[in-house]
Amino acid sequence: MFKKILIANRGEIALRVHRAAREMGIKTVAIHSTADTDAMHVRLADESICVGPPSAAQSYLNIPAIISACEITGADAVHPGYGFLSENQNFAQILEDHGITFIGPRSEHIAVMGDKIAAKDTMKKLGVPCVPGSDGGLASFEEARDVAEGMGFPVLIKAASGGGGRGMKVARSAAELENAYRTARSEAKAAFGDDTVYMEKYLSIPRHIEVQVFGDGKGRAVHLGERDCSLQRRHQKVLEESPSPVIDAETRARIGETCAKAIGDLHYIGAGTIEFLYENGEFFFIEMNTRLQVEHPVTEAVYGVDLVAEQIRVAAGEEMSLRQEDLIPRGHAIECRINAERLPDFRPCPGRITTFHAPGGLGVRMDSAIYDGYVIPPFYDSLIAKLIVHAPDREAALHRLDRALSELVVDGVDTTKPLFEALLEQPDVRTGNYNIHWLEKFLGI
Ligand code: ADP
């Protein structure tokens, strides 16, 4: 087993990784920017090293500084968390070249899944259902027109290197196609330095349903059911739940087995998420994330597992402890992303937290790195806490969420807590009747 893990992240996820490592008797090293000297992950880790100034490009993304931090502290492994360098194949490769273990998949799997065309192609060959569309990249507008006419409108033009919903344009008719094609290409070029685009059938009212998978790197893999993350604003997830209100046990077993088999055949190691759009009872693969996700705790609650500990175990060369026959979902879990943002426009709201009180009690988990007097720096993501509730069924989980939200106090900055209180009053949320457009409609955007 590793002796010391360097955590290449900040905030709640740095703490999450520290907790798993500490419980396994592994020492931790926190890295931080000069803006995060007083951060909780820095206080709790066994050692800490400043890797640069506030800007993430010069600190949390600064590969040479992070490698130096590993060498100085003698860390034998790095956990990247999510975001930052977690899906950077170059980083995984450089660590490997330095004899330091990257706690994540092999760099070739990160590379394949980071290219959406290659990812789709790979998944299709592995028997995972994909959204109908062009066969790879579009060479010209004429090709785009031919594919769209063959498939029928509406269609979506997407960037091969896309992320965060950028470089994505809908064309509802032939008249809109040329503009959508050219705009998507120029946006993709500007955002990712790559103007390769491809086409998919545009699904009009899908849900976002993703399957958690885990592989041992040697051909064995399991699935841990699905998460429903359909409540989104600008392609950002806001509330996630497991199981999905619309997936029954048989459907779960079917899509889960398809995903686990694909991951096993790939010899994928560690945690991954296969994301689908789900419409009219059908799954359509959109992308795979080769890392731990923000919303992993809802799966942990329902399946009673520690995904981070398992990531660490398999990265260290131990046998995967997860067995499909033991993975039985129990109850229902919901996560709310509490952001330091001012409603109604969700403007980031950094600053000093004067009072913080976390909810507690049966079935309540709060993953957060904030504390009384903590100053939220303006340089990073606005997520300050994840509130996760678990109860025997969805109805009870909603009551528990309502109760936990009533106990949560964050004073000094605005947060998105009132949004969740409002959502709990919506009949559609209570019954689980929503798709990926529901939240934006509710917010009037
Ligand atoms: P990104 O990596 O940019 O987030 P994704 O492929 O994950 O790109 O898609 C982001 C979001 O865009 C999805 O969650 C969904 O809301 C929407 N989307 C993607 N593909 C389609 C499609 N074929 N039809 C309808 N909506 C789509």
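No value in this document is a laboratory result; all are computed from the given coordinates. Keep in mind that what you see is a predicted model, and the values were worked out from it rather than measured. Here Cβ is always computed from backbone atoms with ideal geometry, including for glycine, and neighbour counts include all displayed protein chains.
Fraction of C-alpha pairs exceeding 16 angstrom in the stretch 34-84: 43 percent, rounded to a whole number. Based on alpha carbons, the Rg and Dmax found for the chain are 21.5, 62 Å.
For the stretch 269-400, what is the convex hull (Cα atoms) projected area averaged across all directions, in square nanometres?
Details: hull surface 45.9 nm².
Mean projected area for the stretch 269-400: 11.5 nm², to one decimal.
Let me know the whole percent of all Cα-Cα pairs from the stretch 177-292 that are separated by more than 18 Å. Here the long-distance tail beyond 18 Å is 58 percent of all Cα pairs in the stretch 177-292.
Residues whose amide H lies under 5 Å from that of LEU231, counting only those 5 or more places away or on a different chain, are VAL238, LEU239; hydrogens are built 1.01 Å from N in the peptide plane. Of the three principal axes defined by the Cα atoms of the stretch 334-437, the extents in descending order read 37, 33, 18 Å.
Spatially, the stretch 53-79 and the stretch 204-266 are offset by 32 Å when compared through their Cα centroids. In summary, the lysines within cross-link reach of LYS386, defined as a Cα separation below 30 angstrom excluding same-chain residues under 8 places away, comprise LYS3, LYS4, LYS27, LYS116, LYS237, LYS417, LYS441. Please list, or write none, the lysines whose alpha carbon is within less than 19 Å of the alpha carbon of LYS261, excluding same-chain residues fewer than 8 places away. Counting by Cα, and skipping residues close in sequence, LYS261 has these lysines nearby: LYS120, LYS124, LYS125, LYS218.
Given Cβ point charges of +1 (Lys, Arg) and -1 (Asp, Glu) and nothing else, what value in debye, to the nearest 20, does the dipole of the chain about its Cα centre take?
Details: 48 positive and 63 negative charges, 74 e Å.
For this selection, approximately 360 debye.
Across all directions, the average flat footprint of the convex hull enclosing the Cα atoms of the stretch 65-129 is 4.9 nm².
Note that the stretch 39-183, at 25 °C in a medium of 0.890 mPa s, gets a Stokes-Einstein diffusion coefficient of 134 µm²/s from its Kirkwood radius over C-alpha pairs. Take every pair of alpha-carbon atoms less than 8 Å apart whose residues are at least six positions apart; their mean separation over the length of the stretch 146-207 yields a relative contact order of 40 percent.
In order along the stretch 216-229, phi translates into HN-Hα couplings of 9, x, 10, x, 9, 8, 10, 10, 10, x, 10, 10, 9, 10 Hz, rounded to whole numbers, per the Karplus curve 6.51 cos²θ - 1.76 cosθ + 1.60 with θ = phi - 60° and x for Gly and Pro.
The Cα atoms of the stretch 293-337 cover 34, 25, 10 Å along the three principal axes, with the biggest extent listed first. In order along the stretch 314-319, phi translates into HN-Hα couplings of 6, 5, 7, x, 7, 5 Hz, rounded to whole numbers, per the Karplus curve 6.51 cos²θ - 1.76 cosθ + 1.60 with θ = phi - 60° and x for Gly and Pro.
Please order HIS267, HIS390 by the number of other Cβ within 10 Å, starting at the fewest.
Working: HIS267 16, HIS390 24.
Fewest to most other Cβ atoms nearby, the residues stand as HIS267, HIS390.
Counting neighbouring beta carbons within 10 Å and listing from fewest to most, the residues LYS386, LYS125, LYS261 come out as LYS125, LYS261, LYS386. With unit charges on the beta carbons (Lys and Arg positive, Asp and Glu negative) and the dipole taken about the Cα centre of the chain, which residue among ILE49, SER161, PRO132 sits farthest to the positive side? Value: ILE49.
To make sure I understand, if each residue's beta carbon is the centre and we count other beta carbons within 10 Å, what order do THR416, THR355 fall in, fewest to most?
Details: THR416 24, THR355 10.
Ordered by Cβ neighbours within 10 Å, fewest first: THR355, THR416.
Relative contact order, whole percent, for the chain stands at 14, derived from Cα pairs under 8 Å and 6 or more residues apart.
If eta is 0.692 mPa s and T is 37 °C, what Stokes-Einstein diffusion coefficient results for the stretch 325-383, Kirkwood Rh from Cα pairs, in µm²/s? Mind showing how you got there, number by number?
Values: Rh = 14.1 Å.
After rounding, the answer is 233 µm²/s.
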